[in-house]
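First the structure, in the form of C-alpha cells, and then the observations on it.
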C-alpha cells in the first residue's frame, strides 16, 4: 500500500511538471494538492478564498468553549491572510498567517494576553483548516495604523475611574440615558448596530438582540445594561466614544428640556474638567443647546477652575457667565477669549467696589476701575520699610499686577472682540489667549483674596 501511494505521488508530481496549467503553483505543492483531491479532500487554492466562513466557524467554537475574549477579537478585528512561508516537507506545505488588525490602543492593552489569545484562536482554527488543506496556519495580532494628522499634539485620555464616577452619578440621579428615544434608536445614532454581534443566537446582530430584550421584553435586562456591555466598551473603550455617548445623552433630540440638559452637562463637567476635558455648547438646534467635547490645553482647566472659585466667593453670577464664555473660546476663538478676559476683570472690579460701597461712574473704564480698587484695597502698600529685604521687588510686583488690566485692554484693542480688524489680520494663537486669561485670573484671584482678608479684619 505504501509503495502504491509513493508511485501515485510521483505520477502526480510528473503531471504537475509537464502541465502547469492544471495547478499554477510549485510542483511539490501541486502534487500534494492533487493527492488530497484523489483521496476525496475538498480543494481550496487559497485560505483567503473562504476566510469569512473560517472565521465564523472558529468564532462559534471559541464561544462554545468559553474563550469569549478570543471570539470577540475575531468578530471585531480586521482580518486578512497572507502566505508567509513554504516548506518542501510532505510534497510541499504553504505556511499562512492570519493577521488580526486591532486599534493601537487595544493592542497595547492586550500586553502579555496577546499570546494567550493567539494560542486559543490557533487551537480552534487548525481543525477547521485541516478539512480541506494540509497547509499550516497561525494567527498574529497586530496594531492597526492610525491616521491622525494631529498626533504630535498631546492628548488626554479619560480613565476608567473617571468614567465610572460619571456613570455612578447617572445612576444616583436616576437619569434615563436614552431620553425620549428607545434604546435601539439612541444607539443607532452612535454605532452601526447591524455590524455588531448579537449575544442571543436567535438574532444575527446587536440591533435585533437589543430590540428583543429591551423593547419587546424590557425587563430582560436592567436599565443600565449599556454601561457593562462589552460590545460598546464605555468603561474601557476609546475616550472619543465615551465623550460622544455623553454628548448624545444631552442632545436636543434625546433630551429636549434645556434645563435638564444643562444640569447633566454640569454633572459631567464636574468630573471631566479635572481630567482635562469639558463639554461646551456649540451651534444650537432649534434654540436648544448642542454640546461637543473640548480638551483643555495645558493649565487652562486649573485656571478656569480657580476663576470659578473667585466667582463663587464674590457670589457674582455675571462672572460665572463670562468664565464659561472664556472656557469655550480659549481654543476655538482666541480673540473672543482675550476680549472676555478683559470684561472678566471689569466685572470683578465693579463687584468688589460695589461690595465696599465705593461709587464709580457708569462709564468708568478699566483703568479707572482698577485704580479705584487698588486705592481702596491698598494693593500697593506704603508701609513697607525701605530697609526690608526685597521691599522694592514687592512694590514692583504689586504695581505690575495692578497694571495687568491695562495690558489686557491694549491686547483687546489689537486682537480682541472690542474693535474691528482688517481682513488680512491673522489674530493670535490659543496659547496667547491662555496667557491673557491666565493674567486676568491672577489679578481677580489676588484682589478677591485681598478683599476677603480686609473683610475678615473689619469683622474682628
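Numbers at a glance
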{"quantity": "Computed E for residue 371/residue 165 - FRET, C-beta separation, R0 41 angstrom, nearest 0.05", "calculated": "0.35"}
{"quantity": "Extension gain from residue 140 to residue 429, taking 0.36 nm per residue of separation minus the Cα-Cα distance", "calculated": "99.6 nm"}
{"quantity": "Percentage relative contact order, segment 160-272, counting C-alpha pairs under 8 Å, at least six apart", "calculated": "28"}
{"quantity": "Residues residue 130 and residue 238, FRET efficiency given R0 of 45 Å [Cβ-Cβ distance, rounded to 0.05]", "calculated": "0.75"}
{"quantity": "Gained length - residue 354 relative to residue 407, 0.36 nm times residue gap less alpha-carbon distance", "calculated": "16.7 nm"}
{"quantity": "Label-point separation, residue 455 to residue 88 (7 Å along Cα→Cβ), nm", "calculated": "9.2"}
{"quantity": "Estimated FRET transfer efficiency (residue 281, residue 200; beta-carbon r; R0 35 Å; 0.05)", "calculated": "0.35"}
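Bear in mind that the values in this text are calculations on the coordinates, not laboratory data. Predicted model only: the values in this text are computed from it and were never measured. As a convention, Cβ positions derive from the backbone with ideal geometry for all residues, glycine included, and neighbour counts pool all protein chains shown.
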